[in-house]
Amino acid sequence: MSTNEHSTKKIFRRLLQLIAILITICYYPIVMGFVADEYSSVVCSEIESDIIGNDEEVLISSNELSKIVNKSFPDLKGSKLQDININEIEQHIEQTPAVKKAECYSTPGGIIHVRVSQRKPIMHVFNNNGTSYYMDSEGDRIPVRTDSRVHALVVNGEVGSLLDGEELIKLCDFIVNDSFWKAQIEQIYITDKLEYILVPRVGDHVIEFGGIDRLEEKFENLYRLYTKGWHPKEWNLYSKVCLKYKGQVVCTKKRG
């Protein structure tokens, strides 16, 4: 092939590429215009709600979420999608105590999708006045509904007397984030001296934990007692295990 023929083909290819780019540039606004016109005429025909998370733990149901949206935005169905403020819906839903994060979006078919992430309670608090609530690791309170299904540490006693709830959150957080202790500890009782007593699932004893000072050391000492100290037959022979004193694990046998 001669040099002139090669140059001609090269120029021709570049010309074709340029034409293709020009066609794309002209075509794109036209197509987007059609899409925009079509979108502007689409109305909301349905609202679909979805709860993200563990199906075994329910703080808010899809049905309840739909009711919240329908009650707060009664004219949502039938409204044009372009007139719907998605951010406003998200912000409103996130005011619901059980909701951690809300995400809303629409589809060309006219469906508004509402997806929420639930908060994750780490404790179920029972006050002395008979009221109760859930609390997550951020200290947010979540009302207890009759159909709530949540596995959380039971906390009772002098909860209202605590000046600093962060200590209680730190203790609960440590327990629920450790597979061994999450399976073993089911209740935390707060004494009138504002010390913590842990109630295990297995065994007839209680654990006098004291304060949360030396938190990891206390749990490590208790773990050694459970795994290397006691024989399985001894688990029900003791009434108390005291971890309050540094370097000591004091076990009190049952009387009789």
(Q) Cβ-Cβ distance below 9 Å, separation of 6 or more or different chains: which pairs start in the range 241-255 with a residue that is part of a loop (DSSP other than H, G, I, E, B) and end on one that is open to solvent by less than 60 Å² (accessible area, probe 1.4 Å) and among the hydroxyl-bearing types (S, T, Y)? (A) K254/Y238; K254/S239; R255/S239
Q) Taking the range 153-178, which residues are surrounded by 16 or more Cβ atoms within 10 Å (Cβ to Cβ) and either β-branched (V, I, T) or at pLDDT below 90 (or both)? A) V155, V159, I169, I175, V176
Q: Would you mention how many residues in the range 209-230 are assigned to a helix (DSSP H, G or I) and of a type in the set (V, I, T)?
A: 1
(Q) Restricting to the range 55-70, and then to whatever is open to solvent by less than 40 Å² (accessible area, probe 1.4 Å) and of a type in the set (S, T, Y), can you tell me which residue is modelled with the highest pLDDT? (A) S66
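Being in a loop (DSSP other than H, G, I, E, B) and either touching a Pro at 6+ places or on another chain (Cβ under 8 Å) or open to solvent by 70 Å² or more (accessible area, probe 1.4 Å) (or both) is the filter here; which residues of the range 132-152 pass it? Outline the logic, then answer.
At the first step, the residues of the range 132-152 found to be in a loop (DSSP other than H, G, I, E, B) are 137-140, 144-148, 150-152.
Hits for the range 132-152 are E138, D140, T146, D147, V150, H151, A152.
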Q: Just give me the residues in the range 42-76 being assigned to a loop (DSSP other than H, G, I, E, B) and over 17 Å from T146 (Cα atoms), in sequence order.
A: V42, C44, S45, G53, N54, F73, P74, D75, L76
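Here is a yes/no grid of residues against (1) open to solvent by 70 Å² or more (accessible area, probe 1.4 Å); (2) closer than 29 Å to G160 by Cα; (3) in contact with a Gly (Cβ under 6 Å, 6 or more places away or on another chain); (4) of a type in the set (D, E):
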residue	(1), (2), (3), (4)
D192	yes, yes, no, yes
V202	yes, yes, no, no
H205	no, yes, no, no
D213	yes, yes, no, yes
P232	yes, no, no, no
S239	no, yes, no, no
K244	no, yes, yes, no
R255	yes, no, no, no
**Q.** Test for W181: is it open to solvent by less than 60 Å² (accessible area, probe 1.4 Å) and closer than 14 Å to I122 by Cβ
**A.** yes
Q.
Out of C44, C104, I need the residue that is open to solvent by less than 70 Å² (accessible area, probe 1.4 Å) and more than 22 Å from the chain's Cα centre (by Cα). Which one?
A. C44
Q.
Only one of Q95, Q91 is open to solvent by 50 Å² or more (accessible area, probe 1.4 Å), in contact with a strand residue (DSSP E or B) (Cβ under 9 Å, 6 or more places away or on another chain) and closer than 22 Å to S137 by Cα. Can you tell me which?
A. Q91
Q: Enumerate the pairs (first residue in the range 84-102 and closer than 15 Å to R115 by Cβ; second residue anywhere and among the hydroxyl-bearing types (S, T, Y) and modelled with pLDDT of 95 or more) with beta-carbon separation below 9 Å, excluding pairs fewer than 6 apart on the same chain, so at least 6 apart or on different chains.
A: none
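The values are calculated or read from the model by the stated rules, or taken from the named source; none is laboratory data. None of these values were measured; they are calculated from a predicted model. Neighbour counts run over all protein chains shown; Cβ positions are idealised from the backbone, glycine included. Heavy atoms of the whole protein, side chains included, go into the accessibility calculation; ligands, DNA and RNA do not. Shrake-Rupley method; radii C 1.70, N 1.55, O 1.52, S 1.80 Å.
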